[in-house]
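Since the structure comes first, as structure tokens, the remarks are kept for the end.
The values are calculated or read from the model by the stated rules, or taken from the named source; none is laboratory data. Everything numeric here is computed off the predicted structure, so don't read it as measured data. FYI the Cβ positions are ideal-geometry reconstructions off the backbone, even for glycines, and counts take in every protein chain you see. Only protein heavy atoms, including side chains, enter the accessible area calculation; ligands, DNA and RNA are left aside. Shrake-Rupley method; radii C 1.70, N 1.55, O 1.52, S 1.80 Å.
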Amino acid sequence: MSVAAERVADTQAFSDTDKVLADVETIAREQLKPLANRIDQEGFYPVDTLQALGEAGAFACHLDQYGQRFDVALQTMQSISRYCGSTGFVAWCHDVCGLYMEQSANPSLLARLPAHALAQTMGGTALSNPMKAITGIENMALTAEPVDGGYVVSGTLPWVSHIRPGQYCGAIAGVKAANSSRISHEMMFLLDVNDAVALRKCPKFSAMEGTSTWAIALDKYFLGTESIIADPLRPYIQKIRAAFILLQMGIGIGVCQGAIDSILEVEADLGHVNQFLHDRPQELLAEFEEIGARTMALAKTPYAQEKEFLLDVLDLRAQASEFGLKATQSALLHQGARGYLMQSPVQRRIREAQFVAIVTPAIKHLRWEMNKLMSEPVRV
């Protein structure tokens, strides 16, 4: 048995969280940072680095069987995103896919989870459209029809990240009622990207090109019960929604940390003139630390179901998006012309922060959700 396979079987493999954090930081700094420009400019998908991060424990610690340490998972994602927001987003995709599998309680998916946790196999998430469809912002893109042994699924999803042939992703479809076009309920499943799945190139993004993002087209794709995550969906999504959103904080905090790094990098040379700018490093650090502290507090109870907890998560996620826009723009102003060079991490982070602000749930979606929650009648 290989060392990696032994670690897959050992649920205590990542109990030394200080080692996990140190190893992930080393890989991110020494392996990922030199690739960041290539990832951004060429759309390079850093599979080898992702596997190294997986072996170090970056994608396992939030899982119940590895101790449910959401705080550690967020810190590893922060380290990754500090050097490359694109890869930080991929880390989040991988983390939430593992969460879907584990929280499904489906024995077939649980059997696949250890290899996923170590990034020996890889999978992402296709919930951008469904998360908006569930709240009424747009229509559900996939539909499922019951057949013997499972479902057949059809439809097209435009933006699905961290996938390629041989990988997989968590997806959601509306289930058609028998002999009707009416949707009776929704179900969630693990979609294996095999020969029955058509992958189509997406238009080029202004950032996040190294995330292996594709459009997926399905035409009566057969889905067996061994791939079902939740059927019906609604009770399951209520359980994981806050954790899904909270995990994204690792991306936003990491991108902000990188922006503050860039400001401090030029302080010795340009501090005498940068002192006249707004959003100076000490001010940004104070807000950065406040956001980080709130994140770690909420990470203690990621599956809490109280309305107030979800509101706190939504509000924090919106604050992180807005802070990221402010911090990355400030980094550009502090660095000046050197930060405006195409190969500069400063201008890349501006585009990464814009992505954090629009990726599901976007700032407007977060505010929509908060407004709905606060408008609900009080139950007595």
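By average Cβ neighbour count within 10 Å, what is the ranking of 42-53, 137-148, 364-375, 347-358 from highest down?
Going by the mean number of other Cβ atoms within 10 Å, highest first, we get 347-358, 42-53, 137-148, 364-375.
Of all the accessible heavy-atom surface of the stretch 183-229, with the other protein chains kept in place and a 1.4 Å probe, what percent is carbon and sulfur?
51 percent
Suppose all protein chains stay in the model; what accessible area per residue would a 1.4 Å probe give for the stretch 91-217, in Å²?
37 Å²
Restricting to bridges with both residues inside the chain, how much of the DSSP beta-bridge set is antiparallel, in percent to the nearest 5?
On the way: 30 of 35 bridges.
That works out to approximately 85 percent antiparallel.
Output wanted: per-residue J couplings in Hz (rounded whole) for the stretch 104-120, from phi through Karplus 6.51 cos²θ - 1.76 cosθ + 1.60, θ = phi - 60°, x for Gly and Pro.
Couplings: 5, 6, 7, x, 5, 6, 4, 5, 8, 5, x, 5, 5, 4, 8, 6, 6 Hz.
Taking Rh as the Kirkwood radius computed over C-alpha pairs, what is the Stokes-Einstein D of the stretch 89-227 at 25 °C in a medium of viscosity 0.890 mPa s, expressed in µm² per second?
Here the translational diffusion coefficient equals 160 µm²/s.
How high is the relative contact order of the stretch 19-120, in percent, with contacts defined as C-alpha pairs under 8 Å that are six or more residues apart?
Numbers: 111 pairs, mean separation 32.7, N = 102.
The value is 32 percent.
Across bins of 5 angstrom width beginning at 0, how are the C-alpha pair distances of the stretch 288-380 distributed, in whole percent?
2, 13, 18, 17, 18, 12, 8, 5, 4, 1, 1, 0
Kirkwood Rh over alpha-carbon pairs of the chain, then Stokes-Einstein at 10 °C and 1.306 mPa s: what D in µm² s⁻¹, rounded to an integer? Intermediate values should be presented prior to the final figure.
Working: Rh = 21.3 Å.
The calculation lands on 75 µm²/s.
Would you kindly derive the ³J(HN,Hα) couplings of the stretch 339-356 from the backbone phi angles with the Karplus curve 6.51 cos²θ - 1.76 cosθ + 1.60 (θ = phi - 60°), listing them in order in whole Hz, with x for Gly and Pro?
x, 9, 5, 4, 8, 6, x, 5, 6, 5, 5, 4, 5, 5, 5, 4, 5, 4
Mind running the shape call on the stretch 1-151? Use the C-alpha gyration tensor, a ≥ b ≥ c as the square roots of the eigenvalues: rounded below 1.5 for a/c, prolate if a/b tops b/c, oblate otherwise.
In terms of gyration-tensor shape, oblate.
Would you mind checking which residues have amide H under 5 Å from LEU63's amide H? H placed 1.01 Å from N; only 5 or more apart, or other chain.
It is GLN68, ARG69, by chain and number.
For the stretch 182-195, in order, what is each residue's ³J(HN,Hα) by Karplus, 6.51 cos²θ - 1.76 cosθ + 1.60 with θ = phi - 60°, in whole Hz (x at glycine and Pro)?
Once θ is set to phi - 60°, the couplings for the stretch 182-195 become 6, 8, 7, 6, 10, 9, 10, 8, 9, 8, 7, 7, 10, 5 Hz.
Averaged per residue, what accessible surface does the stretch 278-322 expose to a 1.4 Å probe, in Å²?
Using a 1.4 Å probe on heavy atoms only, each residue of the stretch 278-322 averages 49 Å².
Shape verdict for the stretch 266-330, please, from the Cα gyration tensor: rounded (a/c under 1.5), prolate (a/b greater than b/c) or oblate.
Because a/c hits 1.5 or more and a/b exceeds b/c, the stretch 266-330 counts as prolate.
Quote the relative contact order of the chain in percent (integer), defining contacts as alpha-carbon pairs under 8 Å separated by 6+ residues.
Contact order relative to length: 17 percent.
Hey, which of these cross-link pairs are over 20 Å Cα-Cα: LYS239/LYS307; LYS326/LYS372; LYS239/LYS372; LYS132/LYS364; LYS300/LYS372?
Numbers: LYS239/LYS307 12 Å; LYS326/LYS372 27 Å; LYS239/LYS372 18 Å; LYS132/LYS364 11 Å; LYS300/LYS372 25 Å.
Beyond 20 Å between Cα atoms: LYS326/LYS372; LYS300/LYS372.
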